[in-house]
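Derivation of every value follows stated rules applied to the coordinates shown; laboratory data play no part. Values in this document were obtained by computation on a predicted structure and should not be read as measured data. Every residue, glycine as well, gets a Cβ built from its backbone with ideal geometry; the counts of neighbours run over all protein chains shown.
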Amino acid sequence: MDRLLPSDPSMIGEYRLAARLGAGGMGVVYLARSPHGIWCALKSIRSEHADDPGFRARFRRETELAARLRARWTVPVLAADADARSPWLVTAYVAGPSLAEAVALHGSWPAEQSRCLGAALAESLEGVHACGLVHRDVKPANILLAADGPRLIDFGIARAVGVTALTTDGAVVGSPGYLSPEQARGSAVGPPSDVFSLGCVLAHTATGRPAFGSGGAAAVLYRTVHEEPDLAGVPDELAGIVRRCLAKDPEQRPAVGELRDRLGRFDERHWLPEGVPALVAARAARVLELPVPQGTVTEGSPAADALEAPDTVIREAGPRAGASRRRALTAGGAVLGVGAASVGGWWLWGRRGSSAPTGTKPLPRRVIGLLGERADAVFTAHERGARLAVSEHNSASRRAFDLALRTADDAGTAEGAAAAVARLAADPEVSVVIGAGTNATVPAAMEACARGRLAQLVTRADTNELNAVNTTTTLLMRSTTTAGPPAILRYLNRVVKPARATVVHDLTEAEESLQTVRSIVVHKKLDGKATVEEVAADQDFGFVARRIADRDDDAVLLAGEDPGRAASLARALREAGYRGPCLANEHVLGARFLAEAEGWLIGTGYADAADPRLGAFTAAHRDRFGTAPAPWAAEAYDAVRFAAHGLTAAGDDPRTALRAELLRDPWQGVTRRVGYDDSSEFFRTDEDAGAFLYRVKNHTLHFVARSDDIGRTEG
């Protein structure tokens, strides 16, 4: 429990906020007091997640279902508002520690107390499933301990939030160590998944340790899917039923009704083990000491914004100060200031020589925005490729409209990207944005495009944060890292064919690089056996390199994003005497890495001028700019042509109709075939579209093959 921040409102709806209970990617949970003086837990969803038109309907449906819950060991929903700027819901507050905290402080529970806990949780899940809900995140942290019994929290809403994210290969909702094998694979889940998670909870409670071990998330996920749980120390009277709960096959797990019968009745008098009742009492006492704050309004807070929005459900206590208008103007000025700095350089191409012949009606104009950091060489490459496509379009005699290109500088920051998109969206002539930015800026641009209902085509970024693009106006023109490194994996499977490979997981940027590990250890995209070696951010690679060399592994794949760390691994492997194939993705590229990584194979999302299939484009680029195209120029060329293809069919309302037209049919560009999954609207990775393989030679990157040619052109 933490104090409120200055930016927190003091009231949401009719609930006065007293403290923060927690915060995460989806929103903030507050301790609040109802108008009747009852302590509650209020969860406020971040407004950006509500920009998806379908979110509010799902949120409303799930909260209505959750409000029907009357099971004894669940926490009831007391109120909710799906139409608020930041949707929120209120549940009863449980003044007690979590099971995770209790086990960490007081150790494992005896058999009888573990059985009582399981009986109560089985009863609660029976109620959840009867209402048509699947919890999907049953874990010790979501089980609160009150004097009269446990309470399962966060049901229903996890599902409402989860379905806004892409549910496909590589996407997981749940917590490693407690999620089911089907969750780990990103598959659809039902009530048996909650039974598996309950089995993990009971094993942890009875032994004091997770059933599938600790360590990195990738290793835990692998053990969950492929290995048996560690149930040593689980009491004999519980071991059998816990083992059945942890069956890999959902159909082999007991139903919650059977589980409840096997675990018996809950004993309210003796259900907590020694030491825990005092912990429960201490947590309850903390709430009584909290003062209830008076209403405040602070500069820049959501509450201050709410003063200008009479229809919002977030209201501040106290009089509406006359300064509210001044606050709104100040905030607006700040936004305009950023926008002017970020998109101060406006450029238009494609107008000269593109007008209709004399005596004919001028053609309408469609403006394509190009968003990225102007100082970045990659942006220059994008710009040249885009200009070439614009000129080519405007020279066609039967075109339905002229194209113009407008560039917007995002300054290399998320804030700059959001401000630049806002400026582009305010111009009614801009029909689509090509996002040439990085993993650090494109997610912010994606959210801003969704707010402005402006389509965006992403060429370069591949962060996992883009896995929710099916809920926005954004479309990817490459796969994200959740699909794994396609060119690398194809090279391993078709050329190296390793009996044993090592995945070195550099934990420096673990969240992004974890997806590469998952594609191998969970989704088994590597045909041979894989060993994962995790290396902490402050650890060198010497020991791991020597172990790899001693084993004489067939191949090494780096799951990492940091160029300096990648260079250190390359040097450590060389010094250890390892001479087998080494592979990594494009994010490791840099002068230091190229100096150390002779012979390494690199998978990228960009084509090369040496690719024979880019011959005509490369020739036109040389003729126009006097040089061969740099990386990403061809991708920008394809993005403009793909946008023009959609705009031709979109008619007179391009913003509204463009995305639907682009999703309609696959389209073939010079770099890849662009198509989208019918259900998820996600970029198809059929035949590893848009993946390329390079080799480091003499400190320089040299093109090897397109992914779909690997095995035919590389031996």
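Structural remarks
- Residue pairs, from the table Lys248/Lys524; Lys43/Lys139; Lys524/Lys697; Lys139/Lys529; Lys248/Lys529; Lys43/Lys524, whose Cα atoms sit over 26 Å apart: Lys524/Lys697; Lys139/Lys529; Lys43/Lys524
- According to the calculation over all Cα-Cα pairs in region 169-246, the P(r) per 10 Å bin from zero is 21, 55, 22, 2 %.
- Per-residue Cβ neighbour counts within 10 Å put Met1, Met26 in the sequence Met1, Met26, beginning with the fewest.
- Part-to-part distance (alpha-carbon centres) for region 449-512 and region 603-657, which is given in Å: 21 Å
- Exposure proxy shown here: for Met11, Met446, the number of other Cβ atoms within 10 Å sets the order, fewest to most, as Met11, Met446.
- Spread over its residues, the convex hull of the C-alpha atoms of region 594-679 is 151 Å³ per residue.
- Distance between the pseudo-spin-label points of Arg262 and Arg547 (7 Å out from Cα toward the beta carbon): 3.6 nm.
- Estimated inter-spin distance, Glu112 and Ser397, nm [label 7 Å along Cα→Cβ]: 9.5 nm
- Annotation: extensible slack from Glu598 through Ser214 equals 134.7 nm (criterion: 0.36 nm per residue apart, minus Cα-Cα distance).
- Neighbour-count ranking [beta-carbon atoms within 10 angstrom, fewest first] of Ser197, Ser397, Ser513: Ser397, Ser513, Ser197
- Set of lysines near Lys525 by C-alpha distance (under 17 Å), chain-local residues within fewer than 8 positions excluded: Lys497
- In nm, spacing of pseudo-spin labels at Ala130 and Ala628 (7 Å Cα→C-beta vector): 7.0 nm
- The smallest convex shape that holds all Cα atoms of region 99-286, its convex hull, gives 120 Å³ per residue.
- Taking the charge dipole of region 11-94 about its Cα centre, with +1 at Lys and Arg Cβ atoms and -1 at Asp and Glu Cβ atoms, the residue from Ser86, Tyr15, Trp39 reaching farthest to the positive side is Trp39.
- For region 397-452, the relative contact order is 38 percent, taking Cα pairs closer than 8 Å that sit 6 or more residues apart in sequence and dividing their mean separation by the residue count.
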